Amino acid sequence: MGVELDGKTLGLVGLGRIGREVAKRATAFNMRVIGFDPFFSTQEAGEWGIEKCELNDIWAQADIISLHAPMTPDTKHILNANSLDACKDGVRIVNCARGGLINDDSLVTALESGKVAAAALDVFEVEPLPTDHPFLTNPNVIVTPHLGASTSESQVKVATAIARQFDAFFNHNEIPFAVNKPVESGKTASAV
């Protein structure tokens with residue numbers, strides 16, 4: 001037997017582009033969406049229908065936790081024995097972001113005890129996943145390859161986005177999506 005999404009609370013860890021897209025879809029299923037992201041304001045979260053909160057609130061309130069954070073020293077093992085113990089009984093975990101956000105051993109223990117009802121994972125601490133890993137035999141775990149851009153349509157979208165970024169840089173002195181400096185336009189780039 002499955003469970004309905006209607007009326008459940010989704011806890012998002014990471015409110016970047018993908019986290020916000022997940023929130024949009026979750027609200028279509030009448031889910032309450034709560035989220036944590038240290039770089040996102042309460043107002044910005046609210047514009048996406050997300051109640052911004054702290055990690056402890058997510059652990060305590062979420063029926064489903066979906067990870068969308070980068071791998072950093074601060075996020076490594078963000079889900080571990082302590083945070084899983086703080087979760088609701090029967091929580092469901094989704095990690096399609098980065099291996100290492102979850103301590104795999106802690107998740108195995110939580111699955112075996114029933115604290116975590118189910119997990120859906122496409123990234124792992126050790127990759128490739130060892131053939132004798134407990135995730136592969138646990139009936140409450142869905143394991144898939146990390147296939148973010150493995151469709152014909154997504155390949156066209158990625159190629160188009162890259163072409164637009166080259167055009168913006170070489171023809172307009174703009175650097176969209178810069179990781180290491182906040183540049184929004186050619187004028188700003190000149191000033192920087």
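Largest GNM mean-square fluctuation among 165, 61, 155, using the chain with Cα springs under 10 Å: 165.
Label positions at residue 113 and residue 5, each projected 7 Å from the Cα along the C-beta direction, are separated by 2.9 nm.
Against the set [x] 18.0, 57; [y] 18.8, 59; [z] 15.8, 52, the structure's computed Rg and Dmax of the Cα atoms in Å falls on [y].
If you average the alpha carbon positions of the range 64-95 and of the range 2-60, how far apart do those two centres end up, in angstrom? After rounding, the separation between the Cα centres reads 14 Å. Fewest-first ordering of 94, 116 by other beta carbons within 10 Å of each residue's beta carbon gives 94, 116. Cβ-to-Cβ counts within 10 Å put 64, 93 in ascending order as 64, 93, the fewest first. Considering only 72, 151, 137, the Gaussian network model of the chain with Cα springs below 10 Å gives its largest mean-square fluctuation to 151. Could you identify which residue out of 66, 113, 154 has the top mean-square fluctuation in a GNM of the chain using Cα springs shorter than 10 Å? Ranking 66, 113, 154 by mean-square fluctuation puts 154 first. Computed from Cα positions, the angle between helix 17-28 and the longest principal axis of the chain comes to roughly 60 degrees.
Where only DSSP H runs of four or more residues are counted, the chain gives -10000 deg cm²/dmol as its mean residue ellipticity at 222 nm, each run worth -39500 (n - 2.57).
Projecting the Cα positions of 67, 135, 175 onto the charge dipole of the chain (unit charges on Cβ atoms of Lys, Arg, Asp and Glu, taken about the Cα centre) puts 175 furthest along the positive direction. Taking 7 Å steps out from each Cα toward its Cβ at residue 171 and residue 146 produces label points 3.4 nm apart.
Gain on full extension, evaluated as 0.36 nm per residue between residue 56 and residue 131 minus their Cα-Cα distance, stands at 23.6 nm. In a simple Cβ point-charge model (Lys, Arg +1; Asp, Glu -1; nothing else charged), the chain has a dipole of about 500 debye relative to its Cα centre.
Every number here is computed from the coordinates shown, using simple stated rules; none is lab data. What you see is a predicted model, and the numbers here were worked out from it, not measured in a lab. We place every Cβ from the backbone using ideal geometry, glycine too, and count neighbours over all the protein chains shown.
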